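Chemist: This is the structure I want to talk about, given as structure tokens.
The values are calculated or read from the model by the stated rules, or taken from the named source; none is laboratory data. Note that this is a predicted model, so its numbers are computed, not measured. Cβ placement follows ideal geometry from the backbone for every residue including glycine, while neighbour counts extend to all protein chains displayed. Remember, those area values only see protein heavy atoms, side chains included, never the ligands or the DNA or RNA. Shrake-Rupley method; radii C 1.70, N 1.55, O 1.52, S 1.80 Å.
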Amino acid sequence: MPINNPNALFETDDPLNEETVGKLVKLFAKADSSGFIFEGLSTTADHANNDISVGSGRAIIVNGEQAYPVEHPGVTDASMATSSGVNVVRVVYNPSVNDDVTIDIRTKSASAPTNPALKIAEVDSLNDQPANEFNRQKDDSFGTVQILDAFIDPAGNTYTGSVPSWLNGTTISPNTVIAGQTFTDPAGNSYTGGVPSWLDGSTISPDGVNALESITTPSLNGTIKYVTAESQLQNHVGNGNTVIIPSGTTISVTDPVILGDNDHLQIEPGATIRQADGSNLSNFRTVVRTHGDNIIVDGGGTIDVNAAGQSAVGYRGVGDVQGSGPYKNIRVKDLTIYNAGERSPVEFGRSSNVWVKDCTFGGGSQFDTSAVAIEARSGDITNINVVRNTVRPLHSTLSGDTFFVDSITDSGHKVRRFSINDNTIEGPFGTRTTNESGGWQAILVEEGGQSGTISENKIRASPDDGSGAGIHVNSITGAGGTGTITITGNTVKGDPNATQPDGSSVNGILISPDVLCSVTGNICVGFSNNNIANNSNESVIVGNMVNGSIYDNNSDAVIANNR
């Protein structure tokens, strides 16, 4: 369908999709504008508390050759970006993160958001001025929209030629159309009561009209706080708020950020929480503590643990660490967490129903030695899910177990259910060369009682990168139990020249004695010792592909159809 500004030409069977709707929306908004507010989004300033509030409303945001109709529920008492200058308030549309619509507040000197945005106000906090609002009017008219075929809308009205003249430049106020009243449009069509009957029960396909999909805000609750400084961040967490760190902001923290019940910490893409140099965080050496129920930490941004700037050898990025709970319903997703040194970027000790999802670990300017640790220190842990994460190359001589699940022998507690699924671990990993006992691997399930699944992971070492073992499920001791562990669909590639710290060669998948375990459908290649080594008479090892040996020390195990 050719669309030429200011004319749009429609022909029979032309498609209606996100691109064409976006172009039409832009056409109606005028190509030379950045968009406009057509309902609400009024801005007020509270200079006594350095806060800005924005009412709910709707707008058109123009970006390039397209425009987007957006809506936002508004924000109350969002923190000003500066108390001694001009704050710019924008509504921002992010098509890459669930079509999120957010209110962005930053200084006038700061770079504008990279996503499509519309400036709606400026607030001069230096002189305590009222909000100066922008873009509250649509441009007065649009060019002709030519219809080459007759068009009948669902109400039975017929149009031929160009759009009726009464539409050109017309402003329609939705506040004047009230259900239960009679409304006559400028063409003389009358409607009485609620929505016209031809719309009642109609289905609109979001696949066909993506621009008209409903917009969900990122908030877990109704109170949204934008923060750009540590004092603001610490003041708003722990109160059940949605706290947003906007893109382009780096907050250096000197104390742990402790989240409480119903908190949602959203670190936007391009935003960072960083442990300040020399802060040496106490409180279990963790930057962001999930110290409550129903917590989300997400947003596409970064947590820079900055272990090299501290006195200890390692610090954690997110978690409840030493089991101070019990806590439940925790989500850590869509974050980059790195520079943790000799600690895990994510660690949980007594939380249940936890998801660590779509995160990236490693790859920072300092170094990392692992990714996620789950340790049942102070109580049982149930339903832990580590899903679709990416682990960049870890330290070449210090890295330990990348994903670590442990029931703690002397505690009597268990990790009762876990899932490690669809993660990518890039070598080197498990390279530690110290005198500590045992070897190191990409995934270690230690000390018994667990039931879980290790599936569809991609573990990829390279020749001579020094990577350790692939997957190790250790013996059922201490905590006891009869948990079954399933290892299926993984691709495990090793360094054929690597050795463990004691000089022994490296196994791909290792099953320790007495483990109830199913090992099926895996590809395991390139290890200096056995590709699969079984020491349990409770194992079933079937249908795996290897390019080397499969070792078994007990004839009671079921081993068949491997090649």
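Chemist: Multiply the residue gap between ALA312 and SER111 by 0.36 nm, knock off their C-alpha separation, and tell me the result in nm, one decimal place.
Modeler: Numbers: separation 201, 0.36 × 201 = 72.36 nm, distance 3.60 nm.
68.8 nm is the gain from fully extending ALA312 to SER111.
Chemist: Below 15 angstrom from the Cβ of LEU516, what's the summed charge of the other residues (Lys, Arg +1; Asp, Glu -1)? Show your work: numbers first, answer last.
Modeler: Working: positive: LYS414, ARG416, ARG417; negative: GLU447, ASP514, GLU538, ASP556.
Once positives and negatives cancel, what remains is -1.
Chemist: Another one. Report the extension gain between GLU230 and THR250 in nm, rounded to one decimal, defined as 0.36 nm multiplied by the number of residues separating them, less their alpha carbon distance.
Modeler: Values: separation 20, 0.36 × 20 = 7.20 nm, distance 0.95 nm.
Stretched out fully, the GLU230 to THR250 stretch lengthens by 6.2 nm.
Chemist: For a Förster distance of 22 Å, can you work out the FRET efficiency between the beta-carbons of SER96 and ASN127, rounded to the nearest 0.05? Provide the component values of the computation, followed by the final result.
Modeler: On the way: r = 38 Å, r/R0 = 1.71.
FRET efficiency, SER96 to ASN127: 0.05.
Chemist: Where does segment 238-319 land on Rg(C-alpha)/(2.2 N^0.38 Å)? Intermediate values should be presented prior to the final figure.
Modeler: Numbers: Rg = 12.2 Å, N = 82, 2.2 N^0.38 = 11.7 Å.
Compactness ratio reported: 1.04.
Chemist: Could you give the C-alpha radius of gyration of segment 244-389 expressed as a fraction of 2.2 N^0.38 Å, taking N as the number of residues it contains? Display every interim value, and only then the final one.
Modeler: Numbers: Rg = 13.6 Å, N = 146, 2.2 N^0.38 = 14.6 Å.
Working it through for segment 244-389, the quotient is 0.93.
Chemist: How large is log10 of I(q)/I(0) for segment 506-563 at q = 0.16, 0.21, 0.28 Å⁻¹ when the intensity is taken from the Debye formula with one equal scatterer per alpha-carbon?
Modeler: -0.39, -0.68, -1.19
Chemist: All other residues with a Cβ under 11 Å from the Cβ of GLY248 taken together, and with Lys, Arg as +1 and Asp, Glu as -1, what is their net charge?
Modeler: On the way: positive: ARG106; negative: ASP104, GLU268.
Local net charge: -1.
Chemist: Same structure, new question: So how far apart, in nm, are the two label points at ASP277 and SER83 if each is 7 Å from Cα heading toward Cβ?
Modeler: For ASP277 paired with SER83, the spin-label model returns 2.7 nm.
Chemist: Now for a different question. For ASP334, what charge total do you get from the other residues with a beta carbon under 11 Å from its beta carbon, if Lys and Arg give +1 and Asp and Glu give -1?
Modeler: Values: positive: ARG331, LYS333, LYS357, ARG388; negative: GLU268, ASP298, ASP358.
Residues near ASP334 contribute +1 overall.
Chemist: Another question about this same structure. Separation between the ARG388 and THR484 pseudo-spin-labels, each 7 Å from Cα along Cα→Cβ, expressed in nm?
Modeler: 2.7
Chemist: May I ask you to give the percent of accessible area on segment 251-363 that is carbon plus sulfur, with a probe radius of 1.4 Å? Don't skip to the end; give the middle numbers.
Modeler: Details: 1370 of 3270 Å².
Looking at segment 251-363 in its full context, I get 42 percent from C and S.
Chemist: Please list the three semi-axes, largest first and in whole Å, of the ellipsoid equivalent to segment 278-322, using sqrt of 5 times the eigenvalues of its alpha carbon gyration tensor. Mind showing how you got there, number by number?
Modeler: Values: eigenvalues 83, 37, 9 Å².
Taking √(5λ) for each Cα gyration eigenvalue gives 20, 14, 7 Å.
Chemist: Residues of segment 51-90 with amide nitrogen under 12 Å from the 7 Å Cα-to-Cβ point of LYS119?
Modeler: Of the residues in segment 51-90, 86-90 have backbone N under 12 Å from the label point off LYS119.
Chemist: Report the relative contact order of segment 518-562, percent, no decimals, based on alpha-carbon pairs under 8 angstrom and at least 6 residues apart.
Modeler: Values: 90 pairs, mean separation 19.1, N = 45.
Reported as a whole number, the value is 42 percent.
Chemist: Fully extended, how many nm does the chain gain between ASN537 and SER419 (0.36 nm per residue separation, minus their Cα-Cα distance)? Before the final figure, lay out each step's value.
Modeler: Working: separation 118, 0.36 × 118 = 42.48 nm, distance 2.36 nm.
Value of the extension gain: 40.1 nm.
Chemist: Would you give the gap between the C-alpha center of segment 506-563 and the C-alpha center of segment 354-385, rounded to a whole Å?
Modeler: One Cα centre to the other: 26 Å.
Chemist: From the cross-link list LYS333/LYS414; LYS357/LYS493; LYS108/LYS357; LYS333/LYS493, which pairs have alpha carbons spaced over 32 Å apart?
Modeler: Numbers: LYS333/LYS414 24 Å; LYS357/LYS493 23 Å; LYS108/LYS357 35 Å; LYS333/LYS493 27 Å.
Beyond 32 Å between Cα atoms: LYS108/LYS357.
Chemist: Under 5 Å between amide H atoms, partner at least 5 residues away or on a different chain: which partners does PHE38 have, H built in plane at 1.01 Å?
Modeler: Excluding prolines and chain starts, which carry no amide H, the hits are ARG58, ALA59, ILE60.
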